[in-house]
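Heads up, the thing below is written out as structure tokens.
The values are calculated or read from the model by the stated rules, or taken from the named source; none is laboratory data. In this text, all values refer to a predicted model and were calculated from it rather than measured experimentally. Cβ placement follows ideal geometry from the backbone for every residue including glycine, while neighbour counts extend to all protein chains displayed. Ligands, DNA and RNA are stripped out before the accessible areas are found, and what is left, the full protein with its side chains, is counted by its heavy atoms. Shrake-Rupley method; radii C 1.70, N 1.55, O 1.52, S 1.80 Å.
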Amino acid sequence: MQPSAEANQRIARISAHLHPSNFQMEEGSNLRRANCRAKGGAPGFKVAILGAAGGIGQPLSLLLKMNPLVSVLHLYDVVNAPGVTADVSHMDTGAVVRGFLGQPQLESALTGMDLVVIPAGVPRKPGMTRDDLFNINAGIVRTLCEGIAKCCPNAIVNLISNPVNSTVPIAAEVFKKAGTYDPKRLLGVTMLDVVRANTFVAEVLGLDPREVDVPVVGGHAGVTILPLLSQVKPPCSFTTEETEYLTNRIQNGGTEVVEAKAGAGSATLSMAYAAAKFADACLRGLRGDAGIVECSFVASQVTELPFFASKVRLGRTGAEEIYQLGPLNEYERFGLEKAKKELEGSIQKGVSFIRK
Ligand SMILES: NC(=O)c1ccc[n+]([C@@H]2O[C@H](COP(=O)([O-])OP(=O)(O)OC[C@H]3O[C@@H](n4cnc5c(N)ncnc54)[C@H](O)[C@@H]3O)[C@@H](O)[C@H]2O)c1
Ligand SMILES: O=C(O)C[C@H](O)C(=O)O
């Protein structure tokens, strides 16, 4: 029996929408198809991941495809974006997935986005500091941020690429140069430090990590990572040995993973989890939910430094309120001075990279 004309049309429509090579099609037909598909998709926000085929990018793509607040998910990378897009697009969740490969497709990837998450760039190997990544990652972040300034200047940016203490100032300078800078919309992702701190503190206290909340302030490298153990919720106290053990473990959590991976990269799975958690908080803020508070490395007046990580309240326009550090004990005050000293140089290095 011949299929009816209506059935034929349906089959043609489905195969056109769902074929993984969708993203490589000529622009007009690609967009037409994507719009058509998006009509049936869930209401929500448009999110792009830059560096989506990487160690963080792939599991992050998976997690954001599962987020009901995401209606459109753009996956951009300079390699392997087609494969990751085809794979993730088969998940039966609401978000419409589109892939973008290489610099010529960056602008299409960014146009119309509400949130851009950036895990693009090289990771550490044993023996390296995050600052050793500066020479490669600074240029990558600059190019991607120039694209954001041009194509989605109002998007919230979640910057993961290391060294975060320098890449966030780089992004700020790029946006200033383009005339699009809004400090509320540029957020350095330090969520992994909080995730680690919650886990390690919960281990010491014998609690479920989901019940623990540890503010981590400062920056995202070594001594700039400053857990405020005197402000842990639920309220508790630590011995001097516990404080030193926890502070060292939280500050060196990244190195612990780099060494365990022995040359195969740095934290990817826990980072994707942390990035997805942070992106979700940003999206809930954008939606207008009240009381969304997370730690992030942002433009700040909490200290004399122009950027600093602390608790921020996320809202419709990004980081709408930046909280003061609160009372610190002597150990934390000493740690804060060390953190500021190192941070100052890292911030200046980022600024000079663009202003040079
Ligand atoms: N903020 C944090 O807490 C945190 C945690 C873990 C890792 N990181 C950092 O995240 C970055 C990525 O780590 P990873 O393990 O995913 O690395 P990876 O090498 O596995 O993946 C990086 C991806 O970026 C892509 N890429 C490179 N140049 C690009 C460009 N110009 N445009 C788009 N994509 C590009 C690569 O093709 C690759 O797919 C590193 O800099 C790492 O140090 C930060
Ligand atoms: O340690 C790294 O280089 C990656 C990341 O910044 C981390 O904290 O795991």
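Can you pull out the residues in region 283-307 that are within 24 Å of Ile347 (Cα to Cα), open to solvent by less than 60 Å² (accessible area, probe 1.4 Å) and not β-branched (Val, Ile, Thr)?
If the condition is that a residue be within 24 Å of Ile347 (Cα to Cα), open to solvent by less than 60 Å² (accessible area, probe 1.4 Å) and not β-branched (Val, Ile, Thr), then Glu294, Cys295, Ser296, Phe297, Ala299, Ser300, Leu305, Phe307 are the ones that fit.
Restricting the search to region 318-338, which residues are open to solvent by less than 60 Å² (accessible area, probe 1.4 Å) and not in a strand (DSSP E or B)? Give the steps one after another, and end with the answer.
First pass over region 318-338, keeping only residues open to solvent by less than 60 Å² (accessible area, probe 1.4 Å): 318-319, 322, 325-326, 328, 332, 335-336.
Scanning region 318-338 gives Leu325, Gly326, Leu328, Glu332, Gly335, Leu336.
If you go through region 286-317, how many residues are under 21 Å from Ser166 (Cα atoms) and in a strand (DSSP E or B)? Before the answer, list the steps.
Going residue by residue through region 286-317, those that are under 21 Å from Ser166 (Cα atoms) are 294-312.
Then keep just the ones that are in a strand (DSSP E or B); that gives 294-299, 307-312.
Selection size over region 286-317: 12.
Return the pairs, sorted by first residue and then second, in which the second residue is near ligand 1 (Cβ under 6 Å from one of its atoms), the first residue lies in region 116-137 and is of a type in the set (S, T, N, Q), the beta carbons are less than 9 Å apart, and the residues are 6+ apart or on different chains.
Here the result reads Asn137/Ala120; Asn137/Gly121; Asn137/Val122; Asn137/Ser161; Asn137/Asn162, each pair linking region 116-137 to a residue that is near ligand 1 (Cβ under 6 Å from one of its atoms).
Do you know which of the residues in region 259-285 that are within 9 Å of ligand 1 (Cβ to nearest atom) and assigned to a helix (DSSP H, G or I) is nearest to the chain's Cα centre (by Cα)? Steps first, please.
Here is the first cut: in region 259-285, the ones within 9 Å of ligand 1 (Cβ to nearest atom) are 265-268, 270-272, 274-275.
Filter once more, keeping what is assigned to a helix (DSSP H, G or I): 270-272, 274-275.
Numbers: Ser270: 12, Met271: 9, Ala272: 8, Ala274: 8, Ala275: 5 Å.
This residue is Ala275.
Out of the residues in region 230-277 that are among the hydrophobic types (A, V, I, L, M, F, W, C) and under 21 Å from Leu187 (Cα atoms), state the one that is farthest from ligand 2 (Cβ to nearest atom). Steps first, answer last, please.
Start the filter on region 230-277 by keeping residues that are among the hydrophobic types (A, V, I, L, M, F, W, C), which leaves 232, 236, 238, 246, 250, 257-258, 260, 262, 264, 267, 269, 271-272, 274-276.
Those left that are additionally under 21 Å from Leu187 (Cα atoms): 250, 267, 269, 271-272, 274-276.
On the way: Ile250: 10, Ala267: 4, Leu269: 11, Met271: 6, Ala272: 11, Ala274: 9, Ala275: 11, Ala276: 15 Å.
Restricting to residues being among the hydrophobic types (A, V, I, L, M, F, W, C) and under 21 Å from Leu187 (Cα atoms), the top hit is Ala276.
Kindly indicate which of Val97, Val79, Val72 is closer than 29 Å to Gly254 by Cβ and in contact with a strand residue (DSSP E or B) (Cβ under 9 Å, 6 or more places away or on another chain).
On the way: Val97 fails: closer than 29 Å to Gly254 by Cβ; Val72 fails: closer than 29 Å to Gly254 by Cβ.
It is Val79.
Tell me yes or no: at least one residue of region 234-256 is in contact with a strand residue (DSSP E or B) (Cβ under 9 Å, 6 or more places away or on another chain), open to solvent by 10 Å² or more (accessible area, probe 1.4 Å) and of a type in the set (D, E, K, R).
So far as region 234-256 goes, no, none of its residues is in contact with a strand residue (DSSP E or B) (Cβ under 9 Å, 6 or more places away or on another chain), open to solvent by 10 Å² or more (accessible area, probe 1.4 Å) and of a type in the set (D, E, K, R).
Which count do you get for residues in region 195-216 that are open to solvent by 10 Å² or more (accessible area, probe 1.4 Å) and either in a helix (DSSP H, G or I) or within 16 Å of ligand 1 (Cβ to nearest atom) (or both)?
Qualifying residue count, region 195-216: 11.
Search region 161-172 for residues that are without any contact (Cβ under 8 Å) to a residue 12 or more places away in the chain and pair each with any residue that is surrounded by fewer than 24 Cβ atoms within 10 Å (Cβ to Cβ) and aliphatic (A, V, I, L, M) when their beta-carbon atoms are under 7 Å apart and the residues are at least 6 apart or on different chains.
Within 7 Å, no pair qualifies.
Quick one: in region 52-70, which of the residues that are open to solvent by 10 Å² or more (accessible area, probe 1.4 Å) and touching a helix residue (DSSP H, G or I) at 6+ places or on another chain (Cβ under 7 Å) is nearest to ligand 2 (Cβ to nearest atom)? Break it down stepwise before answering.
Our first condition is that a residue be open to solvent by 10 Å² or more (accessible area, probe 1.4 Å); within region 52-70, this holds for 53-56, 58-59, 62-63, 66-69.
Narrowing the set further to residues that are touching a helix residue (DSSP H, G or I) at 6+ places or on another chain (Cβ under 7 Å) leaves 53, 56, 58-59, 62-63, 67, 69.
Working: Ala53: 18, Ile56: 9, Gln58: 16, Pro59: 14, Leu62: 19, Leu63: 17, Asn67: 22, Leu69: 25 Å.
Step by step, filter region 52-70, then rank; the result is Ile56.
Please pick out the residue among Ser266, Ser270, Ser310 that is of a type in the set (Ser, Thr, Tyr) and either open to solvent by less than 10 Å² (accessible area, probe 1.4 Å) or in contact with a Cys (Cβ under 8 Å, 6 or more places away or on another chain) (or both).
Step by step, each of Ser266, Ser270, Ser310 is checked, and only Ser310 is of a type in the set (Ser, Thr, Tyr) and either open to solvent by less than 10 Å² (accessible area, probe 1.4 Å) or in contact with a Cys (Cβ under 8 Å, 6 or more places away or on another chain) (or both).
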